[in-house]
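Reading through the structure tokens given below for one structure.
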Amino acid sequence: MKLKVNPNRMELLKLRKRLLLAKRGHKLLKDKEEQLLIEFRSLIKRVKEERKSVEEEILEFYLDALKMKGLMDERIWKNFIEKDFLKATFSQDIKRFFNIPVTEISLHTSYDKPLPDHSLSPYHYHLLEKAKKILKKMLFLAFLENKLISFATEIERTRRRVNALEYVLIPNIEETIRFITFKLNETERASLVMLKHIQLIRE
């Protein structure tokens, strides 16, 4: 579809510059889209690996907890699981990848109080350490999944811009350039015919 412009040489020059910029922009966006897709595929693979690792560690933690429960007095076990021994604080940071903002949450843990009973095995500390490790891995997995969603959104946005340039703006500019060129040539031919006609009359 032709753009609404006056068919003159000034507009023709402007449109040629605009076409050049549009083609450059299209190439840059296309390159960006390809880079994002490469990173996106790599992220998908990493998310799958991290999720599998987290699921395996959660299962291992659950089995260890069951074993420990079977080896100790019910009262001590109940006291152990009902107390908040770990103090957790979270911090939030915005990281940028390909100029895409992604929120990262960091976990900081410490023992808030000593274990309640001297009869508790050192394995309880081991269980708490495992819980800390799993929490950190879950947060890292959440960060990767958030990054994946952000990349998917940016890929879709970039693709829409690429398509708008490739299938709408660039063809419209090219069609308008052809139309103005045709009109200018037509005007030039008409002027030449008129000049010849004037010359014939004078002769």
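Just so it is clear, none of the values below were taken in a lab; they were calculated from the coordinates. Every value quoted in this text rests on a predicted model; they were computed, and no experiment measured them. No Cβ is skipped: glycine too gets one built from the backbone with ideal geometry, and neighbour counts run over all protein chains shown.
Restricting attention to region 1-37, the residues that are among the basic types (Lys, Arg) and without any contact (Cβ under 8 Å) to a residue 12 or more places away in the chain total 5. If I filter region 166-193 down to residues being over 25 Å from HIS26 (Cβ atoms) and among the charged types (D, E, K, R), which single residue comes out as surrounded by the most Cβ atoms within 10 Å (Cβ to Cβ)? Here the residue is LYS183.
On the phi < 0 side of the Ramachandran plot, of a type in the set (D, E, K, R) and touching a Ser or Thr at 6+ places or on another chain (Cβ under 8 Å), is that true of LYS32?
Yes, satisfied.
Just the residues that are of a type in the set (Lys, Arg) and buried (at least 16 other Cβ atoms within 10 Å of the Cβ), please, taken from region 1-22. Within region 1-22, just ARG18 meets the criteria. Residues in region 19-45 that are more than 15 Å from the chain's Cα centre (by Cα) and within 30 Å of MET138 (Cβ to Cβ): LYS45 alone.
Filter region 126-171 for residues that are aromatic (Phe, Trp, Tyr) and farther than 17 Å from SER42 by Cβ and give the result. Quick ask: steps written out before the conclusion?
Start the filter on region 126-171 by keeping residues that are aromatic (Phe, Trp, Tyr), which leaves 140, 143, 151, 167.
Residue satisfying the conditions is TYR167 alone.
Considering each residue of region 129-136 in turn, none proves to be surrounded by 13 or more Cβ atoms within 10 Å (Cβ to Cβ), among the small types (Gly, Ala, Ser) and without any contact (Cβ under 8 Å) to a residue 40 or more places away in the chain.
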